[in-house]
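Notes follow once the structure below has been shown.
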Amino acid sequence: IYSCCCLSRRLNQLSSHDPLWKRHCKKYWLISEEEKSQRNQTWKAVFISTYCDLGRYIRYYATLKKAWDDLEKYLGQRCPRMIGSLKESVREEDLDAVEAQIGCKLPDDYRCSFRIHNGQKLVVPGLMGSMALSNHYRSEDLLDIDTAAGGFQQRLGLKQCLPLTFCIHTGLSQYMALESVEGRNKYEIFYQCPDQMARNPSAIDMFITGTSYLEWFTSYVNKVVTGGYPIIRDQIFSYCFPFCRYVHDKECVATTGDITVSVSTSFLPELSSVHPPHYFFTYRIRIEMSKDALPEKACQLDSRYWRITNAKGDVEEVQGPGVVGEFPIISPGRVYEYTSCTTFSTTSGYMEGYYTFHCLYYKDKFFNVTIPRFHMVCPTFKVSTARMVSAAAETNHNEYAVDEDEDSTDTDEYEDRRRVLDIPAPSGRCPRHT
């Protein structure tokens, strides 16, 4: 409109009509009446001055600004100390300097977000969510632009990848691919997963967590502010994918009498492996007795039974006393929650079962409470291109190999093969199936 108004007197007059610019200021820049008053400018002047600064981000700014505003408002009410870890915005020249430093262009949606907030300080808890098991803790910070640039990768397996997050406990990061190399799509976001069985350190598989920064960040914020992730001890316990924060299926609830059991599940990339297949999941179970239940309905959990089925249909049954070493008492209005874990050799599986309780007032009375079936599914992943190339080369080599030394027991060759095949799958030391 601004360009066209220079060519037409009537359009020029129309373009000076402030309500027209007010609508655009609110739509594209989320500028409020109060902010406009503070600037002491017309709506047209506000729009033009903002466009001169942020015009290249007009496609993304309103969406990202709203996400940041919603997140700040939510955190301010529920975990205010996290607000103090957010860093002020950066300037265009700062982002340009980073591009010159790493030799790659940053996507506009990423740049736009950092014009609003420059990530956060390296603190705990991290803005991008926490995860806690019995002896495994992860909390991911959203990296500021300088720290991210310092971690920019040019090594094989992670060429031209920029870290977005970092956990000071595990060293885990989510990366964004700035170019389409090594089997990645440009601007794809992923957790790295070293191939446990490859001798080549550049053989890195990837668990995909986003297709663009805009989609990755706004989907996470939406999950936070709509209550999808609980706030526990002043931090976001984001149990699942994308990332690895707990995902609660509202249908994954079962009620037996006055007791309701609900389940949330999460995939942990840092404890998982694509090759060999070892997929690590956690689940958080909530057991609650209705506040309207009679006092004599109070009871204590004695044991658990699990039926675990993987994607191949293989079934494992587990039975044992208590849960995570405890025998919780449930009474009217009381809630008991705990976290446990399981692993699959397939990319998905499900669990179901029941708890056995006894009544506190009638100690000889026992009853079972249903645990609803809950599914666990590994996120999309891509296998290492280095492994694919090596596998193809090995196939070609074997096609032309001479088998005259088929029974060779060469010690060095045997030891190399043993070292490759006997690497244990990653494991998180926590009670399983509890």
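Checked against the criterion of being modelled with pLDDT under 90 and either over 27 Å from Ser89 (Cβ atoms) or within 17 Å of the chain's Cα centre (by Cα) (or both), the candidates Gly183, Gly129, Gly119 yield just one match: Gly129. The residue of the range 300-324 that is surrounded by the fewest Cβ atoms within 10 Å (Cβ to Cβ), among those that are under 29 Å from the mean Cα position of the chain (by Cα) and of a type in the set (Gly, Ala, Ser), is Gly313. Looking at Leu133, Leu143, just one residue is in the same structural domain as Trp68 (by the TED database) and in contact with a Pro (Cβ under 8 Å, 6 or more places away or on another chain), and that residue is Leu143. Hey, does the range 89-108 have a residue that's assigned by the TED database to the domain that holds Ser173, within 16 Å of Leu142 (Cβ to Cβ) and of a type in the set (Asp, Glu)? Scanning the range 89-108, I find no residue that is assigned by the TED database to the domain that holds Ser173, within 16 Å of Leu142 (Cβ to Cβ) and of a type in the set (Asp, Glu), so the answer is no.
A Cβ distance below 9 Å, combined with a sequence gap of six or more or placement on separate chains, defines the contacts here; from the range 31-43, residues that are of a type outside the set (Gly, Ala, Ser) reach residues that are in a loop (DSSP other than H, G, I, E, B) in the pairs Lys36/Thr42; Arg39/Ile31; Thr42/Ser16; Trp43/Ile31. List every residue pair whose Cβ atoms sit under 6 Å apart, with the two residues 6 or more apart in sequence or on different chains, where the first one lies in the range 63-74 and is over 11 Å from Lys223 (Cβ atoms) and the second, anywhere, is of a type outside the set (Val, Ile, Thr) and open to solvent by 30 Å² or more (accessible area, probe 1.4 Å). Note: pairs meeting the criteria are Lys65/Leu30. Checking each residue in the range 74-89 for being surrounded by fewer than 17 Cβ atoms within 10 Å (Cβ to Cβ) and either closer than 15 Å to Asp144 by Cβ or of a type in the set (Gly, Ala, Ser) (or both) picks out Gly76, Gly84, Lys87, Glu88, Ser89.
Across the range 149-163, which residue is surrounded by the most Cβ atoms within 10 Å (Cβ to Cβ) among those that are in contact (Cβ under 8 Å) with a residue 40 or more places away in the chain and closer than 20 Å to Met128 by Cα? It would help to see each step written out before you state the result.
Filtering the range 149-163 down to residues in contact (Cβ under 8 Å) with a residue 40 or more places away in the chain leaves 149, 152, 155-158, 160, 162.
Add one more test, that the residue is closer than 20 Å to Met128 by Cα, and what stays is 149, 152, 162.
Details: Ala149: 19, Phe152: 18, Leu162: 24.
Only one residue tops the list, namely Leu162.
For the range 278-327, name all the residues that are part of a loop (DSSP other than H, G, I, E, B) and either at positive phi or not acidic (Asp, Glu) (or both).
Keep residues of the range 278-327 that are part of a loop (DSSP other than H, G, I, E, B), which gives 290-294, 298, 311-314, 322, 324-325, 327.
Once the filter is applied, which keeps residues that are part of a loop (DSSP other than H, G, I, E, B) and either at positive phi or not acidic (Asp, Glu) (or both), the range 278-327 yields Ser290, Lys291, Ala293, Leu294, Ala298, Ala311, Lys312, Gly313, Gly322, Val324, Gly325, Phe327.
The values are calculated or read from the model by the stated rules, or taken from the named source; none is laboratory data. A quick note: this is a predicted structure, and the numbers were derived from the prediction, not measured. Using ideal geometry, Cβ is built from the backbone for each residue, glycine included, and neighbour counts are taken over all protein chains shown. Note: accessible area is taken over every heavy atom of the protein model, side chains too, but ligands, DNA and RNA are not part of it. Shrake-Rupley method; radii C 1.70, N 1.55, O 1.52, S 1.80 Å.
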